[in-house]
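The values are calculated or read from the model by the stated rules, or taken from the named source; none is laboratory data. Quantities reported herein were computed from a predicted structural model and do not represent experimental measurements. For neighbour counting, all protein chains shown are included, and Cβ atoms are generated from backbone atoms with ideal geometry for every residue, glycine included. Protein only, heavy atoms only, side chains kept; ligands, DNA and RNA dropped before computing areas. Shrake-Rupley method; radii C 1.70, N 1.55, O 1.52, S 1.80 Å.
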Amino acid sequence: QFQLVESGGGLVQPGGSLRLSCATSGFTLAYYTIAWYRQAPGKEREGVSCISNSDGSTYYAESVKGRFTISRDNAKNTVYLQMNSLKPEDTGVYYCAADGRGFTVQRMCIMDDSNYWGKGTLVTVSS
């Protein structure tokens, strides 16, 4: 069974950092493009960052460029999202998703139709 489990969320003060992890199982991570999405209460889910399975290409939403970094460790079947200089507007439930159909990272981060999704981890940025 394909599974993705997010962890690492919590309460952090503005300007702080968090590293989210997405542990995967049931498939070979190296063959899948991975996306991080987030959703704030009452708002639509938005793509945050995506990473390719092949050439290492990455994509970041304009709102997080220079602050967030996506990475993957295929040997550990885990994807990470390092979040620095956090702002209150970064608050939301963060989800990871996987798709093996070969979409570009841009497409992965603007179309939320990935085959597999985790249940999310809550990030709250507040003083």
Would you call residue 120 open to solvent by less than 60 Å² (accessible area, probe 1.4 Å), touching a Ser or Thr at 6+ places or on another chain (Cβ under 9 Å) and under 18 Å from residue 22 (Cβ atoms)? no
When every residue in the stretch 78-92 that is of a type in the set (Ser, Thr, Tyr) and part of a loop (DSSP other than H, G, I, E, B) is compared, the one nearest to residue 38 (Cα to Cα) is 91
How many residues are outside any helix (DSSP H, G or I), open to solvent by 70 Å² or more (accessible area, probe 1.4 Å) and in contact with a strand residue (DSSP E or B) (Cβ under 8 Å, 6 or more places away or on another chain) when one looks only at the stretch 105-115? 2
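Could you list all residues from the stretch 88-104 that are farther than 16 Å from residue 43 by Cα and either surrounded by fewer than 14 Cβ atoms within 10 Å (Cβ to Cβ) or in contact with a helix residue (DSSP H, G or I) (Cβ under 7 Å, 6 or more places away or on another chain) (or both)? So that I can check it myself, show each step before the final result.
Step one: list which residues in the stretch 88-104 are farther than 16 Å from residue 43 by Cα, which gives 96-104.
Matches in the stretch 88-104: 99, 100, 101, 102, 104.
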Determine whether residue 122 is more than 12 Å from residue 36 (Cα to Cα), in contact with a Pro (Cβ under 7 Å, 6 or more places away or on another chain), aliphatic (A, V, I, L, M) and touching a residue at least 12 places away in the same chain (Cβ under 8 Å). no
Among the strands (runs of 3 or more DSSP E) lying completely within the stretch 1-45, list those that include at least 2 residues that are open to solvent by 20 Å² or more (accessible area, probe 1.4 Å). 3-7, 10-12, 18-25
Quick check on this structure: which one of 64, 48 is open to solvent by less than 10 Å² (accessible area, probe 1.4 Å) and without any contact (Cβ under 8 Å) to a residue 40 or more places away in the chain? 64
